[in-house]
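Working notes, beginning with the structure itself.
The values are calculated or read from the model by the stated rules, or taken from the named source; none is laboratory data. On a predicted model such as this, the values are computed, not experimentally measured, just so you know. Positions of Cβ are generated from backbone atoms using ideal geometry, with glycine treated the same way; all protein chains shown enter the neighbour counts.
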Amino acid sequence: MSNVTATCLCGAVKITAEQVDPKFTVCHCHTCRTWGGGPLFAMRCGVNIVFEHEHKISQYASSSWASRGFCSECGTHLFYRLNQTGEYNVPVGLFAHLTELEFEMAIQYFSDARPSYYCFSNQTKEMTTEQIMAYFASQRDR
Ligand SMILES: [Zn+2]
Ligand SMILES: [Zn+2]
């Protein structure tokens, strides 16, 4: 999907992404669940993303490898950005006007950190903390 737009709850921040991947990711890690109160559903939006009223965006460095952005007016979570690649991951719910049929839950990250009080029936790939750390280590060594 190309040139997809999304807005925060109050409308102060508008996002235009040149390329979004409707095969979205789910993250069960403790940081995501603390940030949003539940698992994070995010679409990979690459680096070609434009923000309107960027000064309304607050950012928080949630780890040494990523930062999280939110609207300073309404608190809507806007993105999770990887420092190394500059890639943005934008919460699925922000793309409210896209047809539901286009979405597909593709992978669940930190599946071992998923608490026992919820589970999804979707058939997806999963990666554990150990597998994710091994993947990042292999990327770093290149
Ligand atoms: Zn807002
Ligand atoms: Zn996470």
(message) Cβ contacts < 9 Å: first residue closer than 20 Å to Ala96 by Cα and among the basic types (Lys, Arg), restricted to region 23-41; second residue more than 16 Å from ligand 1 (Cβ to nearest atom) and assigned to a loop (DSSP other than H, G, I, E, B), any location; separation 6+ or different chain. Result?
(response) Lys23/Phe103
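Given the structure, is Thr99 away from ligand 2 (no atom under 13 Å from the Cβ), among the polar types (S, T, N, Q) and over 23 Å from Glu130 (Cβ atoms)?
Numbers: away from ligand 2 (no atom under 13 Å from the Cβ): yes; among the polar types (S, T, N, Q): yes; over 23 Å from Glu130 (Cβ atoms): yes.
When the stated conditions are applied, Thr99 passes them.
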(message) Need pairs with beta-carbon distance below 6 Å; first residue touching a residue at least 24 places away in the same chain (Cβ under 8 Å) and within 14 Å of Tyr88 (Cβ to Cβ) and within region 1-22, second part of a loop (DSSP other than H, G, I, E, B) and of a type outside the set (Phe, Trp, Tyr); sequence gap 6+ or separate chains.
(response) Val4/Val20; Val13/His53; Glu18/Asn48; Val20/Met1
(request) Would you check if Tyr117 is out of contact with any Pro (no Cβ under 9 Å at 6 or more places or on another chain) and of a type outside the set (Val, Ile, Thr)? (result) yes
(message) Looking at (1) among the small types (Gly, Ala, Ser); (2) farther than 15 Å from Val92 by Cα; (3) crowded, with 21+ Cβ neighbours inside 10 Å, which one does Ser63 not meet, given that it meets all the others?
(response) (3)
(message) One residue is enough: does region 119-133 have a residue meeting the conditions farther than 14 Å from Ala6 by Cβ, aliphatic (A, V, I, L, M) and modelled with pLDDT of 95 or more?
(response) yes
(request) Would you please name the residue that is farthest from ligand 1 (Cβ to nearest atom), looking only at residues in region 21-55 that are surrounded by 13 or more Cβ atoms within 10 Å (Cβ to Cβ) and hydroxyl-bearing (Ser, Thr, Tyr)? (result) Thr25
(message) List the strands (runs of 3 or more DSSP E) inside region 54-98, counting only whole elements, that have at least 3 residues being polar (S, T, N, Q) and modelled with pLDDT of 95 or more.
(response) none
(request) Check Gln108 against each of (1) within 13 Å of ligand 1 (Cβ to nearest atom); (2) part of a strand (DSSP E or B); (3) in contact (Cβ under 8 Å) with a residue 24 or more places away in the chain and name the one condition it does not meet. (result) (1)
(message) Consider region 22-48. How many of its residues are within 9 Å of ligand 2 (Cβ to nearest atom), in contact with a His (Cβ under 8 Å, 6 or more places away or on another chain) and either assigned to a helix (DSSP H, G or I) or basic (Lys, Arg) (or both)?
(response) 1
